[in-house]
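Rule-based calculations on the coordinates, nothing more; no lab input. Predicted model only: the values in this text are computed from it and were never measured. Cβ sites come from the backbone with ideal geometry, for glycine too, and all protein chains shown count toward neighbours.
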Amino acid sequence: MNLILLGPPGAGKGTQAELLEAGRGLKQLSTGIMLRAAIEAGTPIGLQAKAIVDRGDLVPDEVVVGIIADRLAEPDCAKGAIFDGFPRTAVQADALDGLLAGRNSKLDVVIQLEVDDNILIERIARRAAENEAAGRPVRSDDRPDVFPNRLAKYHRDTAPLIAHYRSKGLLKTVDGMQAVETVAAQISAILEAV
Ligand code: AMP
């Protein structure tokens, strides 16, 4: 099974993807995590992406599509993947269709996590403050001067995918402002019915 977790930054996509990976043997493919690892390791992709990620803009489509294409070919994706933070543009969505078709596979469902902007801003500020207080690194793009740009890019480039997947009959929407376990239970129920 292949599914997309679609939603704004801070909606809980990563948390839910981790729960699904543990419970269902599907692989979490987070382009955000992969880009941060590339930046940390100083790879050519990381060097290209660093400034873009730091200011909360989107990395070029061909870069993230390339990352996903390579990753999908790995054996641990054989049972399917949870796309977390990908696709973020219409170009990426089309590329994903092509990649899956090339593997005799397809997208089964898109789960939209819906969260109000003001709650996202509070959540991310809290995540940054908690990490800082605990002496853990704070994501450069969680800073209050950068996060609004990530949100703006979401509304401009990614939110149109909601209508795109709705028109294909693939979209399911979950209220992402509920408790983590409630969101997880509703996602499970959706997947059971797919
Ligand atoms: P995330 O961890 O999903 O919030 O991603 C962190 C940052 O990585 C984003 O703000 C973008 O700069 C970059 N990024 C992650 N995924 C993508 C994507 N699919 N397309 C473009 N940029 C991405």
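How much net charge surrounds LYS79 when only the other residues with a Cβ under 9 Å from the Cβ of LYS79 are counted, with Lys and Arg +1 and Asp and Glu -1? Each step should come with its number before you reach the end.
On the way: positive: ARG24, LYS27; negative: ASP76.
With Lys, Arg at +1 and Asp, Glu at -1, the neighbours total +1.
Please give the calculated 222 nm ellipticity per residue for the chain, where each DSSP H segment of at least 4 residues contributes -39500 (n - 2.57) and the sum is spread over every residue; nearest 500 deg cm²/dmol?
That comes out to -16500 deg cm²/dmol.
Less than 15 Å Cβ to Cβ from VAL65, Lys/Arg counted +1 and Asp/Glu -1: what total charge do the surrounding residues give?
-3
Using the structure shown, select from LYS27/LYS168; LYS27/LYS153; LYS50/LYS153; LYS13/LYS172 the pairs with a Cα to Cα distance greater than 20 angstrom.
LYS27/LYS168; LYS27/LYS153
Testing the spin-label approximation: label points 7 Å from Cα along Cα→Cβ at ASP97 and VAL194. State their distance in nm.
1.8 nm
Under 5 Å between amide H atoms, partner at least 5 residues away or on a different chain: which partners does GLN28 have, H built in plane at 1.01 Å?
ILE82
Amide H neighbours of VAL109 under 5 Å, at least 5 residues apart or on other chains, H built in the peptide plane: list them.
ASN2, ILE4
For the chain, max minus min Cα coordinate along each principal axis, in Å, sorted largest first?
Taking max minus min along each principal axis of the Cα atoms, the chain gives 44, 39, 31 Å.
Would you mind getting me the FRET efficiency between ALA159 and ASP76? Use the beta-carbon distance for r and R0 = 30 Å, nearest 0.05.
Approximately 0.50, to the nearest 0.05.
Can you work out the FRET efficiency for the pair ARG143 and ASP175, with r the C-beta to C-beta distance and R0 = 25 Å, to the nearest 0.05?
Given R0 = 25 Å and the Cβ-Cβ separation, E is 0.35.
With a Förster radius of 25 Å, plug the Cβ-Cβ distance of ALA129 and THR15 into 1/(1 + (r/R0)^6) and report the FRET value to the nearest 0.05.
So, using R0 = 25 Å, E works out to roughly 0.90.
Picking from VAL91, MET177, LEU161, whose Cα lies most toward the positive end of the charge dipole for the range 2-193 (charges on Cβ: Lys, Arg +1; Asp, Glu -1)?
Working it through, the farthest residue towards the positive pole turns out to be VAL91.
Quote the relative contact order of the chain in percent (integer), defining contacts as alpha-carbon pairs under 8 Å separated by 6+ residues.
Normalised by residue count, the contact order of the chain is 32 percent.
Output ³J(HN,Hα) for the range 161-167: one whole-Hz value per residue in order, computed from phi by the Karplus curve 6.51 cos²θ - 1.76 cosθ + 1.60 with θ = phi - 60°, and x for Gly and Pro.
Calculated HN-Hα couplings, in order: 5, 4, 5, 4, 6, 5, 5 Hz.
With the chain treated as a Gaussian network of Cα nodes joined by springs under 10 Å, which of GLY12, GLY66, GLY32 yields the largest mean-square fluctuation?
Checking each option, the largest mean-square fluctuation is seen for GLY66.
Quick one: Cα centre-to-centre distance for the range 120-188 and the range 84-107, in angstrom?
One Cα centre to the other: 21 Å.
What is the magnitude of the charge dipole of the chain about its Cα centre, with +1 placed on the Cβ of each Lys and Arg, -1 on the Cβ of each Asp and Glu, and no other charges, expressed in debye to the nearest 20?
My answer is approximately 160 debye.
Size of the range 97-144 along its principal axes in angstrom, Cα-based, largest extent first?
47, 24, 15
Using a Gaussian network model of the chain whose springs link C-alpha atoms within less than 10 Å, name the residue from GLY25, GLY46, GLY135 with the highest mean-square fluctuation.
GLY135
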